[in-house]
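A.B. asks: Take a look at the following structure, please.
Just so you know, all these numbers are worked out from the coordinates, no wet-lab data involved. All values derive from a computational prediction rather than experimental measurement. Virtual Cβ from ideal backbone geometry, glycine too; neighbours counted across all protein chains shown.
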């Protein structure tokens, strides 16, 4: 899908102003989004305190389903969506602009994007951003950029958060090819009116946005007692959990069915129906394992032992 075969290497026109979603595409956007989320019994709660758009919508980003949930949460209002360049490369500039996207290079600061967001607001359009900028690796919130409070003040419109539960569980990043049938919930909530925004500082706004976007999908799954009975529910889990908790070796983990195991030492865990990893009397949470890996990598960097070895391809100069 993302294999761009175009030979034209003309730079993407980042400065090109965004447009309103094309009216003739709206039935496709809303109808397609409804069809794509129907199997998950999506429940949307709105707490907007009577505030009318345009809004700055700041959303969690657990998985691909978020792209379908956002238009339904905002219905019947149109919006512009800050999107990375992969979508433009895969589906074409005309279509991606037509569904309301504003192009951005991932992890690259670019004031042109902010200018286009301001132009969208001047056009009476809400602007949707996914500050995590990637799908969740382990079902918990990724880092939120520290400039969201500043962005909110600069935009000068009500700040609305969109928080989603179930998107990651249905299509975890490490196995997006297989869909688990799990319920989904979304909440659209106004956290700052225009007046409240004027009286708040950037740090306060930043903290409130981070708190609103905080999630732990495995804690939510346990709280709601959602059982995932798919026989292959652990397949692909070795991608984020690549370091063995038993022998500490990296890139020796493998997964099959509901099992996660180490090829080096033979240690094995079973993923139960509530997303917990069970081994004898040990019960581990996936987010805790992932965070342990991050801490280990940080420690190894400080002691000078962190490295990665792998094969590379070279090409002779022509």
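A.B. asks: Among 61, 135, 77, what is the fewest-to-most ranking by other Cβ atoms within 10 Å?
C.D. replies: By the 10 Å Cβ count, ascending: 77, 135, 61.
A.B. asks: Using only Cα atoms, find the angle between the long axis of helix 202-212 and the longest principal axis of the chain, and express it within 0 to 90 degrees, rounded to the nearest 10.
C.D. replies: Taking Cα atoms only, the helix is inclined about 60 degrees.
A.B. asks: Next up: Sorted from largest to smallest, which semi-axis lengths in Å does the alpha carbon gyration tensor of the chain give for its equivalent ellipsoid, taking the root of 5 times each eigenvalue?
C.D. replies: Semi-axis lengths for the chain are 35, 25, 21 Å.
A.B. asks: Can you tell me the 0 to 90 degree angle between the C-alpha axis of helix 26-37 and the longest principal axis of the chain, rounded to 10?
C.D. replies: 20 degrees
A.B. asks: If you don't mind, another one. Under 14 Å from a label point 7 Å along Cα→Cβ of residue 134: give me every residue in region 287-302 with its amide N that close.
C.D. replies: Counting backbone N atoms under 14 Å from the label point, the list is 291, 294.
A.B. asks: Moving to a separate point now. What fraction of the Cα pairs in region 228-306, stated in percent, has a spacing above 14 angstrom?
C.D. replies: 61 percent
A.B. asks: How much length would be gained if the chain were fully extended between residue 91 and residue 123, taking 0.36 nm per residue of separation minus their Cα-Cα distance, in nm to one decimal?
C.D. replies: 9.1 nm
A.B. asks: What area, in nm² and to one decimal, does the C-alpha convex hull of region 177-310 cast on average over all directions?
C.D. replies: Over every viewing direction, the Cα hull of region 177-310 projects on average to 12.2 nm².
A.B. asks: For the chain, calculate the relative contact order in percent as a whole number, restricting contacts to Cα pairs under 8 Å that are 6 or more residues apart.
C.D. replies: Across the chain, relative contact order equals 17 percent.
A.B. asks: I want to check the label-to-label distance for residue 307 and residue 64. Put each point 7 Å from Cα in the C-beta direction and report it in nm to one decimal.
C.D. replies: If labels sit at residue 307 and residue 64, their model points lie 3.8 nm apart.
A.B. asks: Taking the Cα centre of each part, how many Å lie between region 57-115 and region 236-289?
C.D. replies: Each part's Cα centre sits 35 Å from the other's.
A.B. asks: Counting other C-beta atoms within 10 Å, which of 22, 274, 96 has the fewest, and how do the rest follow?
C.D. replies: 274, 22, 96
A.B. asks: I would also like to ask the following. Quick one: plug the Kirkwood hydrodynamic radius of region 122-235 (C-alpha pairs) into Stokes-Einstein at 25 °C, 0.890 mPa s, and report D in µm²/s.
C.D. replies: 155 µm²/s
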